[in-house]
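Asker: The structure follows.
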Amino acid sequence: MAIPEIAQLFVPGKRICLTTHVNPDGDGLGSEVGLVHLLRGIGVDAIITNPTSTPDRFAFLFSDLPGVDRSAQAVKELRRADAIVVLDIADLSRLGILSSTVKDCGVPVACIDHHVGPGVLPDGPRFVDPTAAATGELIVMLAREAGWPMTAPAARALYVALVTDTGGFRFSNTRPRTLRAAADLVEAGVDTEQVYLDVYANAPVGRPRLLADVLQTLVIEEDRGLAWVTVPPGALERHGVDPDDLDGIVEHARSVRGVRMAMLFREMSGGRIKVSLRSVGNVDVAALARQFGGGGHTKAAGVALPGSLASVQTLMLDAARSALGAATFSA
Ligand code: AMP
Ligand code: MN
Ligand code: MN
């Protein structure tokens, strides 16, 4: 793994841009913010340049980092960068409107990631490990190996990364080393209850109301173990919330006894349909998502497809039924 090569990019005075996937999540943002704090500890300044803006839920991560989130000027900043680090991304396409800028930047593009499957990225050192629960876990390893001091603000951000990508340490990606990394972070000063309050208990009232609307749409095919929910068109606007407020809803579909695969369908602003896939046991939803140009992890994957809600549902549900028919079940 390319830890020394990545660490060598971080030189005082160089312009370092950190970036993550569209609709950034707790792992992408927590990894970025954690890395910014760790780099400050060794005298290196980095900025964050994401393709889409930070959801309100994670704004608290930036409260002590004024001016670091330059996502609004991302193209300009990336063109001036001496090095770019892409986090929680396996493929350039996940950078949305920044894909071409990063592809043509001509500077090293390091990648720190935990997704499965091949992807295409520009040249640069790679620290990729699909057995890591979160990209944040890899940042903890990087800090240990490079000998960077773990500060309390870095630890808080990286803990957010671990908590969000493991569903609060409940998913099967929670391994001994994940919990050891979390223990190191708590030792470094994380207020775990405050993280819970910031991430999960600071919701706009529209979030539970949206949940209620989406759960009304639950359909279960018991014989196949397939469940899905659909975001009613216009629901986000009606409740004054953003796509981040959908996070975790698909888990309710997965939670039903006998379900082996769960999906959430929603219309995206660009006219495409986003499908979130989750599985139980040995059903590989990353492989299913890849058939349609998406990706992710064995038990949590996603894809965005052109077409109407109805046509994408028909396409994906048929593919899911075939995949479930082929898979043998062992939870
Ligand atoms: P989500 O359903 O958005 O929570 O995403 C679950 C997992 O699938 C995450 O690891 C994402 O990085 C990945 N993923 C989501 N959407 C896509 C997509 N359009 N292309 C590739 N991977 C995706
Ligand atoms: Mn992510
Ligand atoms: Mn992740």
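The values are calculated or read from the model by the stated rules, or taken from the named source; none is laboratory data. Fair warning: this is a prediction, and the values are worked out from it, not measured in the lab. Virtual Cβ from ideal backbone geometry, glycine too; neighbours counted across all protein chains shown. Keep in mind that these areas ignore ligands, DNA and RNA; they rest on the heavy atoms of the full protein, side chains included. Shrake-Rupley method; radii C 1.70, N 1.55, O 1.52, S 1.80 Å.
Asker: I'd like the distance between the alpha-carbon centres of region 232-284 and region 69-117, rounded to an integer number of Å.
Answerer: 26
Asker: Name the residue farthest towards the positive end of the dipole of region 246-329 from the options VAL312, ILE249, GLY281, assuming +1 on Cβ of Lys and Arg, -1 on Cβ of Asp and Glu, about the Cα centre.
Answerer: It is GLY281, whose Cα lies furthest towards the positive end.
Asker: Efficiency by 1/(1 + (r/R0)^6): what FRET value for ASP82 and ASP223, r their Cβ-Cβ distance, R0 = 56 Å, to the nearest 0.05? Please list the in-between numbers first.
Answerer: Numbers: r = 57 Å, r/R0 = 1.02.
E(calc), rounded to 0.05, equals 0.45.
Asker: If you line up the long axis of helix 135-146 against the longest principal axis of the chain, both from Cα atoms, how many degrees apart are they, to the nearest 10?
Answerer: Computed tilt is about 20 degrees.
Asker: Would you grab the residues whose amide H sits under 5 Å from the one on ASP88? Only those 5+ places off in sequence or on another chain, please, with H modelled 1.01 Å from N.
Answerer: Close amide H contacts, sequence-distant or interchain: ILE112, ASP113, HIS114.
Asker: Related question: On a 0 to 90° scale, report how tilted helix 309-326 is relative to the longest principal axis of the chain, with both axes built from alpha carbons and the result rounded to the nearest 10.
Answerer: Tilt of helix 309-326: around 90 degrees.
Asker: Restricting to Cα pairs below 8 Å that are 6+ residues apart, what does the relative contact order work out to for the chain? Please round to a whole percent. Write out the running numbers ahead of the final one.
Answerer: On the way: 666 pairs, mean separation 43.8, N = 331.
Computed value for the chain: 13 percent relative contact order.
Asker: Please list, ordered by chain and number, the residues whose modelled amide H lies under 5 Å from the amide H of ASP45; skip anything fewer than 5 residues away on the same chain.
Answerer: GLY13
Asker: In whole Hz, with x marking every Gly and Pro, tabulate ³J(HN,Hα) for region 217-229 from phi via Karplus 6.51 cos²θ - 1.76 cosθ + 1.60, θ = phi - 60°.
Answerer: Residue by residue, region 217-229 yields 8, 4, 10, 10, 9, 4, 5, 8, x, 10, 9, 8, 10 Hz.
Asker: I've got another one for you. Size of the dipole of region 89-231 about the Cα centre, Lys and Arg at +1 and Asp and Glu at -1 on the beta carbon, nothing else charged, in debye to 20?
Answerer: Working: 12 positive and 17 negative charges, 17 e Å.
Here region 89-231 has a charge dipole of around 80 debye.
Asker: Treating the angle as unsigned and between 0 and 90°, give the value, to the nearest 10°, between the Cα long axis of helix 176-187 and the longest Cα principal axis of the chain.
Answerer: The angle comes out near 50 degrees.
Asker: Sticking with this structure for a sec: Please work out the Cα convex hull volume for region 249-326 and give it in Å³ per residue. Don't jump to the answer; show the numbers that get you there.
Answerer: Numbers: hull volume 6.4 nm³, N = 78.
Value for region 249-326: 83 Å³ per residue.
Asker: How big is D, in µm² s⁻¹, for region 1-140 by Stokes-Einstein at 20 °C and 1.002 mPa s if Rh is the Kirkwood radius over C-alpha pairs? Walk me through the intermediate numbers first.
Answerer: On the way: Rh = 14.7 Å.
After rounding, the answer is 146 µm²/s.
Asker: Using +1 at the Cβ of each Lys and Arg and -1 at the Cβ of each Asp and Glu in the chain, identify which of GLY240, VAL303, TYR196 lies farthest towards the dipole's positive end.
Answerer: With unit charges placed on the Cβ atoms, the residue in question is VAL303.
Asker: Provide, for q = 0.08, 0.10, 0.13 Å⁻¹, the log10 of I(q)/I(0) from a solvent-free Debye sum over equal Cα point scatterers in the chain.
Answerer: So the normalised log intensities are -0.36, -0.57, -0.98.
Asker: Share of the chain's accessible area from carbon and sulfur, percent, 1.4 Å? Working shown, then result.
Answerer: Working: 7470 of 14360 Å².
Carbon with sulfur: 52 percent of the solvent-accessible area.
Asker: Amide H to amide H, which residues 5 or more places from GLY124 or on other chains are under 5 Å from it, using H placed in the peptide plane?
Answerer: VAL109
Asker: Can you pull the three principal axis extents for the Cα set of region 124-230, in Å, largest first?
Answerer: Largest to smallest, the principal-axis extents are 50, 33, 28 Å.
Asker: Something else: Would you mind pulling out the separation of the Cα centroids of region 143-159 and region 177-221, in Å?
Answerer: 22
Asker: Can I ask one more? Karplus couplings for region 197-202 from phi (6.51 cos²θ - 1.76 cosθ + 1.60, θ = phi - 60°), rounded to Hz, Gly and Pro as x?
Answerer: In residue order, the calculated couplings are 4, 5, 7, 10, 10, 9 Hz.
Asker: What figure in square angstrom, to the nearest 10, would you give for the accessible area of HIS115 with a 1.4 Å probe?
Answerer: Spelled out: HIS115, probe radius 1.4 Å, area about 30 Å².
Asker: Positive end of the dipole of the chain, charges at C-beta (+1 Lys, Arg; -1 Asp, Glu), about the Cα centre: which of VAL85, SER63, PRO12 has its Cα farthest in that direction?
Answerer: Going by the charge dipole, the pick is VAL85.
Asker: Please list 3J(HN,Hα) in residue order for region 102-114, calculated via the Karplus relation 6.51 cos²θ - 1.76 cosθ + 1.60 where θ = phi - 60°; whole Hz, with x for glycine and proline.
Answerer: Once θ is set to phi - 60°, the couplings for region 102-114 become 5, 4, 9, 6, x, 10, x, 10, 7, 10, 10, 7, 10 Hz.
Asker: Below 8 Å between Cα atoms, with a sequence gap of 6+, how large is the relative contact order for region 1-154 in percent? Don't skip to the answer; put the middle values down first.
Answerer: Numbers: 307 pairs, mean separation 43.6, N = 154.
Rounded, it is 28 percent for region 1-154.
Asker: Give the Debye-formula value of log10 I(q)/I(0) at each listed q (0.10, 0.12, 0.14, 0.16 Å⁻¹), with one equal scatterer per alpha carbon of region 78-164, two decimals each.
Answerer: Here the Debye-derived log intensity ratios amount to -0.27, -0.39, -0.53, -0.69.
Asker: Taking each pair of different alpha-carbon atoms in region 37-101 once, compute 1/r for the pair, average those values, and report the inverse of that mean as the Kirkwood hydrodynamic radius in Å to one decimal. Walk me through the numbers before you get to the answer.
Answerer: Working: mean 1/r = 0.0770 Å⁻¹.
For region 37-101, inverting the mean 1/r across all distinct Cα pairs yields 13.0 Å.
Asker: Taking one equal scatterer on every alpha-carbon of region 149-295, how large is log10 of I(q)/I(0) by Debye at q = 0.14 1/Å?
Answerer: After summing over all Cα pairs, the log10 values are -0.82.
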